[in-house]
1. Nearest 500 deg cm²/dmol is fine: what mean residue ellipticity at 222 nm does the chain get from its DSSP H runs of n ≥ 4 alone, each adding -39,500 (n - 2.57), divided by its residue count?
2. What shape does the range 183-311 have by the C-alpha gyration tensor, where a ≥ b ≥ c are the square roots of the eigenvalues, rounded means a/c under 1.5, and otherwise prolate means a/b greater than b/c and oblate the rest?
3. I'd like the distance between the alpha-carbon centres of the range 1-36 and the range 152-209, rounded to an integer number of Å.
4. What order, most packed first, do the peptides 296-302, 38-44, 260-266, 195-201 have when packing is the mean number of other Cβ atoms within 10 Å of each residue?
5. How do the peptides 117-126, 180-189, 49-58 rank, highest first, by the average count of neighbouring beta carbon atoms within 10 Å per residue?
6. May I ask you to order 271-277, 88-94 by the average number of other C-beta atoms within 10 Å around their residues, highest value first?
7. According to the Kirkwood expression over distinct Cα-Cα pairs, how big is the hydrodynamic radius of the range 6-300, in Å?
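The numbers here are math on the coordinates, done by the rules we state, and not lab data. For clarity, every value in this text was computed on a predicted model and none was experimentally measured. Note: ideal-geometry Cβ built from the backbone for every residue, glycine included; neighbour counts use all protein chains shown.
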Ligand code: ZN
């Protein structure tokens with residue numbers, strides 16, 4: 001039983017309109033769903049992904065309007081790493097984002113250890129991303145954008161980097177419980193039948209503070225048929241979990257690993273087309289059925305969002 005790399009990464013935004021503009025119009029992802037937070041129906045939960053809304057390219061944001069900027073620190077994901085196809089794609093993104101390419105000369109701590117070059121940048125609220133050329137054989141997961149040639153598009157997640165407060169404990173959970181393979185002292189790969197992804201365990205340098213521009217959790221991708229078995233495996237090992245939670249688009253199990261990072265194991269579930277046809281994903285606010293009768297009032301209360309380009 002293996003995990004298929006990263007399913008999604010969930011972060012926090014204090015500025016949903018700017019968040020939509022950046023992840024769709026700048027990065028070229030598709031807004032595949034906008035739902036409300038079931039614990040607070042006055043705010044959004046936004047989901048971006050490739051055109052098909054695939055696990056493996058899905059970054060989501062909880063909206064906390066006006067939230068102060070956070071800092072990634074101990075027990076938190078501090079960087080989201082995406083794949084691109086070529087060195088020319090790195091040039092394209094460096095120009096588009098107005099940042100310098102980073103070349104590996106000596107030991108640039110900002111580069112993943114096995115990279116020759118990368119583009120590192122932050123979103124408007126400080127969430128750090130890296131683009132790297134990937135040799136992974138996985139199916140590319142791309143969006144559609146008039147200004148981003150397909151050969152330069154983001155192709156889905158390569159991995160995450162985290163600040164672990166217990167790197168031995170983190171490594172133990174990754175290797176022994178989650179089936180990861182250690183690629184170098186700090187890098188682990190979780191690879192299944194279809195896809196794979198990596199996690200790098202970094203030494204925390206700061207304490208960290210949750211807030212806008214920080215990651216809430218990272219979800220690993222389980223095949224549907226394995227999902228309940230992952231819960232069994234974790235519980236047999238004494239891990240305290242959430243049990244299986246129905247997240248509408250997929251099913252989830254949450255637990256905190258020894259390094260302090262909140263993990264989720266999510267399956268493919270019905271996916272985003274549960275809400276309607278692929279062509280119109282993300283256009284309507286999605287409400288749970290029991291809130292449908294209050295739609296007008298709920299929508300009037302939500303932050304107005306820009307409409308992403310129709311492609
Ligand atoms: Zn999640």
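1. Computed mean residue ellipticity for the chain: -3500 deg cm²/dmol.
2. Verdict is prolate for the range 183-311.
3. 20 Å
4. 195-201, 260-266, 38-44, 296-302
5. The densest-packed peptide leads the list: 49-58, 117-126, 180-189.
6. 88-94, 271-277
7. 19.5 Å
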